[in-house]
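Down below is the structure, laid out as structure tokens.
FYI, it's all coordinate maths here, none of it is from the lab. These numbers come from a predicted model, not from an experiment. Note: ideal-geometry Cβ built from the backbone for every residue, glycine included; neighbour counts use all protein chains shown.
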Amino acid sequence: MELVLECIHKKVGAQTWLYDMDMALHSNAVTVLLGATQAGKTSLMRIMAGLDEPTGGKVRVDGRDVTGMPVRERNVAMVYQQFINYPSLTVADNIASPLKLRGESNIAGRVRELAERLHIDMFLDRLPAELSGGQQQRVALARALAKGAPLMLLDEPLVNLDYKLREELREELSQLFAAGQSTVVYATTEPAEALLLGGYTAVLDEGRLLQYGPTADVFHEPCSLRVARAFSDPPINLVPAVAMSTGLRLQGGLELAPRQPLPIASAPDLTVGLRASALRVHQRPGDVALQGEVELAEISGSDTFVHAATPLGEVVAQLTGVHYFELGSAVTLYFDPSQIYVFASHGALMLAPQRTGGC
């Protein structure tokens, strides 16, 4: 399916929920709608599905204008934050329901195949109420996949699951989407999900489309400070800086020499960004040392997040593995100066780190 949004906008009363935006979704690929709560993800998704009409603009499917066409006349599958299953039907019958409507043959075989892919084949004879929340969400996902719709919309489908289940399902979904034939739109507030799912990412903020493109490109080269903030978890470290003939002077007096010249005359006041993952506690050749004091250290999954007071201000370092720090203890953080982002005073990206490897 080729889905194209042309100058879509949405107003509700005096409030603007979506500002003018154009987007052409890539067929048989995942498009992630990334943004904080109330960024406009659900509003945009409902317009794509035909549940709501835009105030202006057009929705085209394979070149045909379907603006205003109700959802019942479109072939769309949807999965919501709150899983929705038929409570009186078994898991097997829930998954089979769209297959029966299409009159498919070998329904039992197809149901078992989908159930096995989502690891719920042992629950086929149970009712949804007899399953955990994560298992019920898998049933809803299996039913959506069984529908075989050319457009599948998933509105934060993992947000209500516990950490371990989210991690498992993220990996499974990326594999399922890659093997499918549907155009998938997946809404999330979490940058990690966007990176894992790959495909394309549209960054939304307060109803505006800030950037849209291949996920790796948007992550590594955010077009603005707003995009960098939205596509960073933990938040990107931001430091005021001044451009000089020799490079940059950061808040606190630290001086850096960027790997390429900056247009100093046009943008003397800058903001330097450094992702938390770029900070380390082990030094490498060419690193810059940053002395600090530990204000907080928290372990999340397989990473440790260290908040430290430094001459640059408070910074957050994301360290791989489990590390222990005494509160108030001295810590030296290191980073490669080639890993900085530089943003102009109006927020536009001026310099991004050079990419290495396949990502």
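Computed quantities for the displayed model
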| read-out | value |
| --- | --- |
| Cα-centre dipole for segment 3-223 with unit charges at Cβ (Lys and Arg positive, Asp and Glu negative), debye to 20 | 640 debye |
| Net charge of Cβ neighbours under 13 Å - reference P311; Lys, Arg +1; Asp, Glu -1 | -2 |
| Mean separation of Cα contacts under 8 Å, 6 or more apart, over the residue count of the chain: relative contact order % | 15 percent |
| Neighbour-count ranking [beta-carbon atoms within 10 angstrom, fewest first] of R112, R229, R138 | R112, R229, R138 |
| Segment 203-343: proportion of alpha-carbon pairs further apart than 24 angstrom, % | 35 percent |
| Cβ-based net charge around F231, under 12 Å, with every Lys or Arg adding one and every Asp or Glu removing one | -3 |
| The chain, Rg to Rh (Cα coordinates; Rh as Kirkwood inverse mean 1/r) | 1.04 |
| GluC sites (Glu not before Pro) within segment 259-333, DSSP loop, no more than 15 other Cβ atoms inside 10 Å | E326 |
| Segment 234-351 - percent relative contact order, Cα under 8 Å, separation 6 or more | 29 percent |
| Vicinal HN-Hα couplings computed from phi for segment 57-62 (Karplus, 6.51 cos²θ - 1.76 cosθ + 1.60; Hz; Gly/Pro x) | x, 10, 10, 10, 10, 6 |
| Positive-pole candidate from A24, T188, T55, dipole of segment 3-223, charges at beta carbon | T55 |
| Relative frequency of Cα-Cα separations exceeding 23 Å in segment 100-213, percent | 34 percent |
| Whole-number D in µm²/s for segment 130-274 (Stokes-Einstein; Kirkwood sum over Cα pairs; 10 °C, 1.306 mPa s) | 88 µm²/s |
| Cα-based helix-to-principal-axis angle, 107-117 vs the chain, degrees rounded to 10 | 20 degrees |
| Under-5 Å amide H pairs with D52, H placed in peptide plane, nonlocal only | I47 |
| Of F83, T67, A115, farthest towards positive along the dipole that unit charges on Lys, Arg, Asp, Glu beta carbons give segment 58-116 | T67 |
| Mean-position separation - Cα centroids, segment 25-82 and segment 103-170, in angstrom | 22 Å |
| DSSP bridge pairs, the chain: antiparallel proportion in percent, nearest 5 | 75 percent |
| Residues with amide H under 5 Å from that of E206, placed H, sequence gap 5 or more | A39 |
| Nearest-ten-degree value, helix 133-147 long axis tilted from longest Cα axis of the chain | 60 degrees |
| The chain: angle of helix 91-101 to the longest principal axis, Cα-based, in degrees nearest 10 | 70 degrees |
